[in-house]
Amino acid sequence: MVRGTKLLTMCGMAKRDGKKKRQPGNDETLPSGSIRVRVYAGIDPVTNVARYLRETVPPGPDQKREVERVKAEFIAQVRAQRHPRTDATVQQPPEQHLTDAKLGFKTRINYRSQAEKHIIPCIGRQKVRAVDARITDAFYSELRRCRDHCNGRPQVQHRTTQQHDCDERCRPHVCRPLSESSILYIHQILSGAFRRAVRLKCLDDMSRA
Ligand SMILES: [Zn+2]
Ligand SMILES: [Zn+2]
């Protein structure tokens, strides 16, 4: 979308008009005259419910400016959560985290298997800073669609990946969602790894300053 806008601007077909851009939030004027600011903060991966940052601004001479200030702050908050300033791909923070963090053996095995089965194939090549609410929403809904991330076409799930004669254990694949506990676990991996990526970037900036 951003690229499209830029192209249009370059061709002189669209004017830069900030007012016409869709805002990532909406305001509601209450009967009291207060304005409720609401900014979308992504789907909560655990409860599967949309999260919003909310604040009510009372009426007054500065109301309009205050609304803009609150909104800008919320948008920056959401962006800071979703767009750590780093060039790493999603695959790298979990890898780094796995190497450096003092994880127990069992945790490490579990962590690696979740990363290999779900995180890397689905969003491993995304840049960490490009991962926004839209991408994580799509990722979590994919985890709830099919734990095998099949392409949605009918196929046979064979009993082994070795050469074999098919028997009754080879059955048509049926999509099953990943369990909620695994989704929660993956969410913890990602948020831990992302926090770490942000922290490392901060340290990096500090050491260069
Ligand atoms: Zn088979
Ligand atoms: Zn499937």
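Any read-out appearing in this document is the output of simple, stated calculations on the displayed coordinates, not a laboratory observation. Note that this is a predicted model, so its numbers are computed, not measured. Neighbour counts run over all protein chains shown; Cβ positions are idealised from the backbone, glycine included.
Can you list the residues, at least 5 places off or on another chain, whose amide H is less than 5 Å from the amide H of G42, using H built in the peptide plane?
R51
Show the residues, 5+ positions off or on another chain, whose built amide H is closer than 5 Å to the amide H of E55.
So E55 has HN proximity to V37.
If I stretch the segment between C146 and S34 completely, what's the gain in nm (0.36 nm per residue apart, minus their alpha carbon distance), one decimal? Each step should come with its number before you reach the end.
On the way: separation 112, 0.36 × 112 = 40.32 nm, distance 4.44 nm.
That works out to 35.9 nm of additional length.
Order of 148-157, 173-182 by packing, highest average Cβ count within 10 Å first? It would help to have the intermediate numbers written out before the result.
On the way: 148-157: 10.5, 173-182: 13.1.
Output ranking for 148-157, 173-182: 173-182, 148-157.
If you keep only loop residues by DSSP, which trypsin sites (Lys or Arg not before Pro) in region 140-191 have at most 14 other Cβ atoms within 10 Å of their Cβ? Before the final figure, lay out the partial values.
Working: sites: R144, R145, R147, R159, R169; in loops: R147, R159, R169.
Taking region 140-191 and a limit of 14 other Cβ atoms within 10 Å, the loop trypsin sites (Lys or Arg not before Pro) found are R159, R169.
Output ³J(HN,Hα) for region 109-120: one whole-Hz value per residue in order, computed from phi by the Karplus curve 6.51 cos²θ - 1.76 cosθ + 1.60 with θ = phi - 60°, and x for Gly and Pro.
Once θ is set to phi - 60°, the couplings for region 109-120 become 4, 4, 4, 5, 5, 5, 5, 6, 7, 10, 5, 5 Hz.
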